[in-house]
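The values are calculated or read from the model by the stated rules, or taken from the named source; none is laboratory data. Just so you know, these numbers come straight off a predicted model, no measurement behind them. Every residue, glycine among them, receives a Cβ derived from its backbone with ideal geometry; neighbour counts consider all protein chains shown. These area figures cover heavy atoms from the full protein model, side chains too; ligands, DNA and RNA do not enter into them. Shrake-Rupley method; radii C 1.70, N 1.55, O 1.52, S 1.80 Å.
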Amino acid sequence: MTKNVSIYNQSTSEVDEKYLEASQQLQLDKQTYGSDYIHLYLDDIEGDWLENWDWEDDLTDYIDAFYHHCQQENYQFAFDTLKAGDDLLNQPENYEKSLELYSYLVERLELQDVKQSEINHQEILNLAKQRILALQNNEQGENMSEQMIFNMHEEKITRLEYIQKLLEKIYNGVIRKTWQFQGEFTIEQVGNVYNLRGIASAGDYVVRFGAVKCFDSFDYYLYIINGSNPEEEIVNERENYNNPNFSYQEFNLIKEYLEKIEKASWQVKLSDLDALPE
C-alpha cells in the first residue's frame with residue numbers, strides 16, 4: 001500500500017523520482033519493522049487513517065495492520081481493518097483466514113480485564129462474534145459435503161440436546177457479560193403455581209423462553225430471533241393427551257436454566273455494584 005502524496009509545481013521526472021524513493025523506503029521499512037512499519041506513515045493514528053490510505057489488493061497488508069492493532073490493544077482499529085478488507089476476506093479461498101482473524105480478535109477481547117480496562121469493547125466483541133457465526137453458517141450452507149450431512153443424520157441430535165446447549169451458552173454468556181438477560185418471574189406458593197419467562201440477547205441474536213405451571217397444567221416455549229430474520233420457533237408445547245411432543249424433561253430443563261440464568265444475572269449486577277466507589 002502507498003500513502004497519498006501531493007506534489008505541486010514539479011516536473012514529471014521529479015515526481016516519479018520522489019514516488020520511487022518513497023516506495024522503496026516503504027518496502028525497506030516493511031522488511032525492517034514488520035507490521036510496525038504501518039505506523040511510521042500514519043500522521044494521525046486517532047483519526048480516519050483507513051480513509052487516508054490507498055490499499056493494494058494484498059491481504060497481507062490488512063493482516064499486518066490487524067495484528068499490530070491487537071498488540072497495541074487498539075481493538076476498534078483492529079476491527080475496522082478487518083471490515084476494510086471485507087472484499088478480500090469474503091473470497092472463498094480466504095474463508096479459513098477470515099475465521100482465524102475474527103476468532104483471534106474475540107479471544108483477545110475475552111481475555112481482557114473489564115474492571116481494569118478504560119474502554120468497554122463489548123460492542124466490538126459482539127460484532128466479531130456475529131461475524132464468526134455468519135462465516136460458519138455460510139461455510140456450512142455452501143460447502144457442506146454429503147459425508148457431513150450423513151454424519152449429522154448418524155449423530156441424531158435431539159431437540160432436548162439442542163435446547164440444553166443453547167441455554168448453557170446463554171448461562172455462560174451472562175456470567176461473562178457477553179449476553180444480556182431480562183427475567184420476569186411470578187411465583188405463588190399456594191398450589192405450586194409459577195410463571196417464569198426470560199429474554200436473552202447478544203447483539204442481534206435474541207432468545208425468548210419460558211416455563212409456566214398452573215396447578216396441573218404445564219407449558220413451555222423457546223423462540224429465536226436472529227437479526228432481521230423471522231422469529232423461529234424451537235419449541236412451544238402444552239401438556240395434554242393429544243400432544244406427543246410434550247416432554248417433562250424439556251419443561252424441567254427450561255425451568256432449571258431460567259432460575260440459573262436469573263441468579264447469575266443478579267450475581268453479575270452485584271459484582272458491578274461492588275466495583276463502584278464508596
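One residue stands out in segment 158-180 among those that are among the charged types (D, E, K, R) and open to solvent by 70 Å² or more (accessible area, probe 1.4 Å): the one that is nearest to residue 232 (Cα to Cα), namely 159. Between 110, 100, the distinction of being touching a residue at least 12 places away in the same chain (Cβ under 8 Å), closer than 19 Å to residue 136 by Cβ and acidic (Asp, Glu) belongs to 110 only. Scanning segment 54-83 for residues that are surrounded by fewer than 18 Cβ atoms within 10 Å (Cβ to Cβ), modelled with pLDDT of 80 or more and either in a loop (DSSP other than H, G, I, E, B) or of a type in the set (Gly, Ala, Ser) (or both) yields 72, 73, 74.
For segment 172-215, a residue qualifies if it is assigned to a strand (DSSP E or B), hydrophobic (A, V, I, L, M, F, W, C) and farther than 23 Å from residue 245 by Cα, and the qualifying residues are 181, 185, 187, 199, 200, 202, 206.
When each of 246, 218 is tested for being surrounded by 16 or more Cβ atoms within 10 Å (Cβ to Cβ), outside any strand (DSSP E or B) and without any contact (Cβ under 8 Å) to a residue 40 or more places away in the chain, the lone residue that passes is 246.
State which residue is nearest to residue 260 (Cα to Cα) when the search covers only segment 222-233 and only residues that are open to solvent by 30 Å² or more (accessible area, probe 1.4 Å) and in a strand (DSSP E or B). Among residues in segment 222-233 that are open to solvent by 30 Å² or more (accessible area, probe 1.4 Å) and in a strand (DSSP E or B), the one nearest to residue 260 (Cα to Cα) is 223. Of the candidates 198, 183, 191, the single residue that is at positive phi and either at pLDDT below 90 or open to solvent by less than 30 Å² (accessible area, probe 1.4 Å) (or both) is 191.
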